[in-house]
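Okay, structure first, notes after.
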């Protein structure tokens with residue numbers, strides 16, 4: 001295995017133009033799950049730096065190799081943030097390194113705030129990348145514009161480097177809220193917890209986080225101006241009274257709690273394979289009951305379920321037919337496809353896109369089928 005560290009986009013384009021052997025695309029190495037066979041590593045961390053930041057316009061443009069920590073530090077100085085609450089995967093995956101913006105986009109990495117602010121792809125307004133033929137492609141920008149026939153901004157988010165190597169990304173931003181509070185309901189079983197989260201999310205009180213951590217509690221977050229947070233917290237507590245009395249966490253406890261949920265802290269340092277289930281919230285408790293898992297954590301109101309289970313378990317086979325998809329996040333060996341096998345029409349569409357943007361099949365081959 002050879003590690004290729006690129007200096008800039010021009011060099012990247014030249015490498016891909018003549019390349020025929022497989023390449024494993026790598027940013028900071030924090031989100032690595034690779035079972036695609038032998039491949040040289042393409043290190044993209046040199047494609048770094050904030051090229052445009054306009055706080056008044058709530059807009060950021062930066063190289064794909066820019067460390068996430070650097071971006072968050074710059075935004076925090078202006079009281080701003082990326083809207084989608086980027087999770088830190090290192091504790092779950094046991095990886096090291098520094099997360100990069102390109103890796104975040106490639107994985108469409110989105111935390112608890114997704115249910116209110118949308119996923120990473122919903123805040124992404126522009127991409128620049130080099131496809132598998134070495135062609136430099138740009139789509140979107142500070143104002144969304146599509147001139148290619150493809151919405152490449154949406155396609156690249158979550159493509160895991162299989163359509164092109166990101167070199168620059170553009171985001172819309174949000175202000176950091178003045179205040180936050182979390183209501184905690186204790187002692188709820190999974191079915192009741194999902195019912196409580198659904199009631200909260202259907203309310204007018206603008207819940208920005210809804211998670212159930214079995215054994216720890218059911219958590220509902222409210223953010224905004226201090227007076228509004230206090231009022232909405234009180235109203236939501238009254239609405240949820242049939243589910244039990246709610247404790248209210250202050251801002252500091254709230255921040256720590258949601259970081260733990262965001263990063264799936266109860267799975268850190270624990271044995272077993274880790275999966276993500278994306279399902280209809282009302283279906284989640286029934287599916288979990290069929291799994292015989294070692295531990296679970298519900299996020300997104302029950303629409304996302306983190307599962308820790310015995311190594312080598314074919315979770316999809318154990319579940320049988322269900323509406324949703326299951327993604328393998330951590331495993332000792334890939335005896336099971338990482339991503340949910342796609343229905344034939346969707347698989348044909350995905351294969352057509354890969355053939356268009358990576359006709360030689362050199363970019364992360366085998367990762368997404």
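Here are some notes:
- FRET E, pair residue 151, residue 7, Förster distance 41 Å, beta-carbon r, rounded to 0.05: 0.85
- The angle separating the long axis of helix 68-77 from the principal Cα axis of greatest extent in the chain is about 60 degrees.
- Rounded to the nearest 10 degrees, the angle from helix 190-201 to the longest Cα principal axis of the chain is 80 degrees.
- Between the helical axis of 226-239 and the longest alpha-carbon principal axis of the chain there is an angle of about 60 degrees.
- Residue 351-residue 333 pseudo-label distance in nm [points 7 Å out on the Cα-to-Cβ vector]: 2.8
- By the Cα gyration tensor, the stretch 184-333 has an equivalent ellipsoid whose semi-axes, rounded to whole angstrom, run 29, 16, 12 from largest to smallest.
- Subtracting the Cα-Cα distance of residue 174 and residue 325 from 0.36 nm times their residue separation leaves 51.4 nm of extension gain.
- Beta bridges by DSSP in the chain, antiparallel share as percent, to the nearest 5: 90
- Based on Cα contacts under 8 Å between residues 6+ apart, the stretch 179-262 shows a relative contact order of 43 percent.
- Here the stretch 179-262 is treated as an ellipsoid with the same Cα gyration tensor; its semi-axes, largest first and in whole Å, are 18, 15, 10.
- Compactness of the stretch 52-105, expressed as Rg and Dmax over alpha-carbon positions, Å: 11.9, 38
- Whole-Å distance, taken between Cα centres, linking the stretch 74-140 and the stretch 202-216: 23
- Contact order relative to length of the chain, as percent, for alpha carbon pairs under 8 angstrom and 6 or more apart: 18
- Most to least packed among 322-332, 60-70, 102-112 [average Cβ atoms within 10 Å]: 102-112, 60-70, 322-332
- Helical content alone sets the calculated 222 nm signal of the chain at -8000 deg cm²/dmol, taking -39,500 (n - 2.57) per DSSP H segment of four or more residues and averaging over every residue.
- Spin-label pair residue 14/residue 256, simplified geometry with 7 Å Cα→Cβ offset, distance in nm: 5.3
- Only beta bridges with both residues in the stretch 5-163 are counted; by DSSP, about 65 percent of them are antiparallel.
- Hydrodynamic estimate: the Kirkwood radius of the stretch 3-175 over Cα pairs, inserted into Stokes-Einstein at 37 °C and 0.692 mPa s, corresponds to D of 203 µm²/s.
Every number here is computed from the coordinates shown, using simple stated rules; none is lab data. Predicted model, so just to flag it, every value in this text is computed and none were measured. Please note: Cβ atoms are built from the backbone with ideal geometry, for glycine as well, and neighbour counts cover all protein chains shown.
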